[in-house]
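Report on the structure given below.
The values are calculated or read from the model by the stated rules, or taken from the named source; none is laboratory data. Since the model is a prediction, treat every value here as computed from it, not as a measurement. In this analysis, Cβ positions are derived from the backbone assuming ideal geometry, glycine residues included, and neighbour counts consider all displayed protein chains. Surface areas here come from the heavy atoms of the whole protein model, side chains and all, with no ligands, DNA or RNA. Shrake-Rupley method; radii C 1.70, N 1.55, O 1.52, S 1.80 Å.
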Amino acid sequence: MKYIIIGAVAGGASTAARLRRLDEHAEIIIFERGEYISYANCGLPYYIGDVIKDRNRLFVQTAASFNRRFNIDVRTLTEVTQIDPKNRIVTAFKQSTGKVYTENYDKLVLSPGAEPIRPSLPGINSEGIFTLRNVRDTDVIKNYIGQNDVKTVVVIGAGFIGVEMAENFHHLGLQVTIIEMINQIMAPVDFPIAALMQQHIRSKGVQLRLNTTVTGFTRDARGLGVTLKNGEILYADLVLLSIGVRPDTRLAEKAGLKIGAAHGIVVNEYLQTSDPDIYAVGDAIEFKNPISGRSMITYLAGPANKQGRICANNIVLGNSHSYHGSVNTAIVKVFDMTVATTGMASKHLKAANIAHIVSTNHAGSHASYFPGSRRMSIQIAFSPNNGRLLGAQIAGYKGVDKRIDILSSYIQQGRTIYDLAEFEHAYAPPYSSAKDPVNMAGFVAENILSNRLKVFYWHELAGLKPGDLLLDVRNPDEFLSGSIPGAVNIPLDEIRARLPEIPTDKNIRIYCEAGLRGYLAQRILKQHGFDSVSNLSGGYVSWKACVAESENEYHFVS
Ligand code: FAD
């Protein structure tokens, strides 16, 4: 058998290695138009930021080591320019010699990845504007910083790469401004989690400009100008464009392979394209999301690598290994904070018309009495019908990676919030609490579904009616150091004694710092005959961050 693979990084290299493990005698050729194979894309921002100091550490394999270990014919700096599916032939262009030649195949695998979007704005080709996708881009950016007196950077687009790069530029001592077109950073998460992240970023001295559109670039004596829609011009020494990527489907389209609604290469459960002899993996494919059932593209290294393995299995062993789709589990370091997401965000569930309830709770990363415990904010979305967990997002400082992976696994298995409540974890005070934050998220959701807890959300406070009573059940010192306007303070421990002060004919909206005391107060009031009582989901912590950030189109904390 002769296998050809196009693209030699995450998905492609993984497919090639597995093919060899399964078939020692096959001829395997892997084409890569870049200079390097199997490198750590995910480490590139950290190399630019000098966190990873040795460039060699970025390379998991070289063409030579890959060839030695796997007996794979690696052809770098060679671009496949055409596929002829009917005759099972690819045309390749070797950049160093200009030679164009063909290779036949029995099975072909496409793993061409995605390419950064570079909009055709005026001045887009000005010196100093970069995108980041590969080692070459990395070297260009790093050299530019080294060779020019770069002091200020504008990062346009605040997705994963934008946020990581902002941190790494900051780490180099540069003054960083992030510009984001929508009202929050990190589009995959919902506003309340993004708001916590935004506050943290601002606290580091990074300027964050939301709801801000870039209309073009200029270069004059004052330097590189980024023109905003309102006419303002921001000057910077370097601009990083990180406004998203699109799947690289050019070859596939030319070859007549089916492209889907999400503009990716359509594959079946065996990762086989519309041509049975061509498989595809990674950022270029679209696949049914296991929650929404809609086709979507996942731009993540984990799924690309795992698809490579599945794809190779199916090629060598026959179509027997199904891919079940990605729930888009992702994580990002944001200075000292970690933010992670899995499943679908509430806004995406809404857009897909999927009924759900959202609940937010803040818990300690481990037992509060053990030194070093930090707040962890978990927001989950679940079905009101059967409690199925649909999405989860976490912002915190410790143990976020562990919790998101647990939640991801529950979502992948189609499990419910009742399962979260029973989730058994390894506990000792340095690591968790007897009730882990994941359990707590399950308990809160269970209370909501069983009507023991009624929640309302931060944005609903704007619509507080005259007949509503806003009750702050925190301690007086907490109340005095900041409260929601219009709130009356009756601390939780005084509620039973002060029941006569609470009107029975009003909607009582309770809040505390994180949600737990509010829930306890609600239980007391409900059992004393107060009918209309609800508790602020995420408490004062979420409200404060959300209100500050929704008012904060442009805000700078030095
Ligand atoms: P790639 O790994 O991009 O490989 C595609 C390769 O195909 C490219 O090298 C390209 O040159 C080659 N190619 C394309 N067309 C041709 C052709 N016609 N002929 C020959 N060669 C061709 N994901 C995470 O999960 N976590 C992270 O922390 C993370 N961080 C990232 C940081 C950065 C800066 C970047 C750029 C990406 C990051 N990602 C991260 C995303 C992750 O790297 C991708 O999802 C993953 O690499 C996709 O794998 P792939 O094989 O589809 O594409």
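Heavy atoms of the protein chains alone define the surface here; on that basis region 214-319 has 42 Å² accessible area per residue at 1.4 Å probe size.
Using a simple spin-label model with pseudo-atoms 7 Å out from Cα toward Cβ, Y431 and T215 lie 5.7 nm apart. Taking the accessible area of region 175-311, probe 1.4 Å, and keeping the other protein chains in place, the carbon and sulfur fraction comes to 51%. Sorted largest first by accessible area at a 1.4 angstrom probe radius, with every protein chain in place, the residues E501, E478, E460 fall in the order E501, E460, E478. Can you list the aspartates and glutamates whose alpha carbon is less than 14 Å from that of K544, not counting same-chain residues fewer than 8 positions off? Counting by Cα, and skipping residues close in sequence, K544 has these aspartates and glutamates nearby: E460, D472, E478, E513. Once a ≥ b ≥ c are taken as the square roots of the eigenvalues of the Cα gyration tensor of region 182-254, is the result rounded (a/c under 1.5), prolate (a/b larger than b/c) or oblate (a/b not larger than b/c)? Oblate shape, in that a/c is at least 1.5 and b/c is the bigger or equal ratio. Mean sequence separation of contacting Cα pairs (under 8 Å, at least six apart), scaled by the length of region 312-447, corresponds to a relative contact order of 24 percent. Remark: region 91-183 carries 44 Å² of accessible area per residue (probe radius 1.4 Å; ligands, DNA and RNA excluded). So how far, in whole Å, is the C-alpha centre of region 179-223 from the one of region 323-362? Cα centres, region 179-223 to region 323-362: 20 Å. Counting only residues at least eight positions apart within a chain, or on another chain, the aspartates and glutamates with an alpha carbon under 14 Å from that of K465 are D505. Among rounded, prolate and oblate, which fits region 13-145 when a ≥ b ≥ c are the square roots of the eigenvalues of its C-alpha gyration tensor, a/c under 1.5 means rounded, and a/b larger than b/c means prolate? Oblate, since a/c reaches 1.5 and b/c is not below a/b.
Whole-Hz Karplus values for region 264-277 come out as x, 6, 7, 10, 8, 5, 9, 6, 9, 6, 5, 9, x, 8 Hz, taken residue by residue from phi with 6.51 cos²θ - 1.76 cosθ + 1.60 and θ = phi - 60°; glycine and proline positions read x. Applied to region 84-99, the Karplus parametrisation 6.51 cos²θ - 1.76 cosθ + 1.60 on θ = phi - 60° returns per-residue 3J(HN,Hα) values of 10, x, 5, 9, 6, 9, 10, 10, 10, 10, 8, 5, 5, 10, x, 6 Hz, with x for Gly and Pro. Seen from L536, the other residues with C-beta closer than 13 Å to its C-beta sum to a net charge of +1, counting Lys and Arg as +1 and Asp and Glu as -1. Normalised by the number of residues in the chain, the mean separation of alpha-carbon contacts (under 8 Å, six or more apart) gives a relative contact order of 12 percent.
Which FRET efficiency, nearest 0.05, do N353 and D505 yield, Cβ-Cβ r, R0 56 Å? E(calc), rounded to 0.05, equals 0.95. Protein heavy-atom surface of region 6-131, 1.4 angstrom probe: 47% of the accessible area is carbon and sulfur, with nucleic acids and ligands not counted. On full extension, the segment bounded by E253 and E424 gains 56.7 nm, given 0.36 nm per residue less the C-alpha separation. Restricting region 1-57 to GluC sites (Glu not before Pro) that sit in a DSSP loop and have at most 14 other Cβ atoms within 10 Å of their own Cβ leaves E24, E35.
Heavy-atom accessible area, probed at 1.4 angstrom with all protein chains present, ranks F130, F169, F160 as F160, F130, F169, highest first. For N134, no residue has an amide H sitting under 5 Å from its own, ignoring neighbours fewer than 5 places away on the same chain, with H placed 1.01 Å from N. The tail of the calculated P(r) for the chain, taken as Cα-Cα distances beyond 46 Å, holds 22 percent of the pairs. Each Cα pair under 8 Å and six or more residues apart adds its separation to the average, and for region 281-361 the resulting relative contact order is 23 percent.
The HN-Hα couplings worked out from phi for region 30-36 by the Karplus form 6.51 cos²θ - 1.76 cosθ + 1.60 (θ = phi - 60°) are 10, 9, 9, 6, x, 7, 10 Hz, whole numbers, x standing for Gly and Pro. Computed with a 1.4 Å probe over protein heavy atoms only, the accessible area of M1 comes to about 120 Å².
Over 19 Å apart at the Cα level, from the set K94/K306; K506/K526; K99/K254; K333/K435; K2/K288, are K94/K306; K99/K254; K333/K435; K2/K288.
For T62 and S96, compute 0.36 nm times the residue count separating them, minus their Cα-Cα distance, and round to one decimal in nm. The span from T62 to S96 would gain 10.4 nm if fully extended.
Expressed as a whole percent, the accessible surface of region 402-446 that belongs to carbon and sulfur atoms is 50, based on a 1.4 Å probe.
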